[in-house]
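Report on one structure; see the data block that follows.
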Amino acid sequence: MGANDIEHLPYKGESPQDRLAYQRYLADIKRGKSLLQLKAVAREMTPDIRQSWSARSFTVVSTPEGDFDAVVCNISYHFNKHGSKYGSIRVMTQEAKRYFQQYRQQATPNGFGLLKLPNGSLFELDGRIVTYTG
C-alpha cells in the first residue's frame with residue numbers, strides 16, 4: 001500500500017463469537033491499529049508530536065468512527081511495538097529525538113532516502129521519526 005491509500009477496517013462491534021472478526025481484531029491490536037489504540041494516540045497528538053514523525057510507509061485507516069491519518073497510524077504502530085515502556089507518545093517522541101541528536105553522526109543512508117541509526121531506528125534526513133525501536 002502506498003502513503004495515499006486508505007485502509008478500511010470493517011469491524012462494527014461484532015462479538016468475539018464471530019471468530020474471523022475476532023481474529024482480525026487481535027491482528028489489528030498487534031499492529032497497533034485497533035480503534036482504541038488509534039483513538040488514544042489521536043487524543044495525545046499535539047502539533048509538536050505530529051511534526052516530529054513521518055507518515056512514510058503508513059496509510060490512512062478508516063473505521064466506523066472516522067479516519068485516522070498516516071502519522072497517527074505510524075505512531076500507534078510504533079508505540080505498540082516498541083514504545084509502551086515510555087508510558088506516553090510524548091515521552092517516546094522526546095526520547096527518539098534525543099537519540100537522533102546523540103547518534104546522528106553514526107547514521108548511515110539506507111538507500112531509500114532515510115538514515116538508519118545504530119539501534120535500527122529510521123529517520124528522515126530532516127530528523128522526523130519513521131521508526132524508533134528504543
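Values in this text are rule-based calculations from the coordinates and carry no lab data. The model shown is predicted, which means the values in this text are computed figures rather than measured ones. A quick note on method: Cβ atoms are made from the backbone with ideal geometry, for glycine too, and the neighbour counts reach across all protein chains shown.
Quick notes on this structure:
- The 3J(HN,Hα) values that the Karplus relation (6.51, -1.76, 1.60; θ = phi - 60°) gives for region 50-59 are, in residue order, 4, 5, 7, 10, 9, 8, 3, 6, 10, 10 Hz. Gly and Pro appear as x.
- Relative to the current alpha-carbon distance between Glu7 and Glu95, full extension at 0.36 nm per residue lengthens the span by 28.7 nm.
- Counted charge near Phe123, where neighbours are those whose Cβ lies closer than 11 Å (Asp, Glu -1; Lys, Arg +1): +3
- Taking 0.36 nm per residue of separation and subtracting the Cα-Cα distance, full extension of the segment from Lys81 to Ala27 would add 18.2 nm.
- Neighbour counting of Cβ atoms within 10 Å sorts the residues Thr59, Thr133, fewest neighbours leading, into Thr133, Thr59.
- A simple rule links phi to the HN-Hα coupling: the Karplus curve 6.51 cos²θ - 1.76 cosθ + 1.60 with θ = phi - 60°, which for region 107-112 gives 6, 10, x, 9, x, 10 Hz, with x for Gly and Pro.
- A cut-off under 9 angstrom between Cβ atoms defines the neighbours of Ser52, and their net charge, with Lys, Arg +1 and Asp, Glu -1, is +2.
- Neighbours of Tyr103, meaning other residues whose beta-carbon lies under 14 angstrom from its beta-carbon, give a summed charge of +3 when Lys and Arg score +1 and Asp and Glu score -1.
- Segment Glu124-Asn110, length gained on full extension (0.36 nm per residue, minus Cα span): 4.0 nm
- Estimated vicinal HN-Hα couplings, Hz - region 100-106 in sequence order (Karplus 6.51, -1.76, 1.60; Gly, Pro = x): 4, 4, 5, 10, 4, 5, 9
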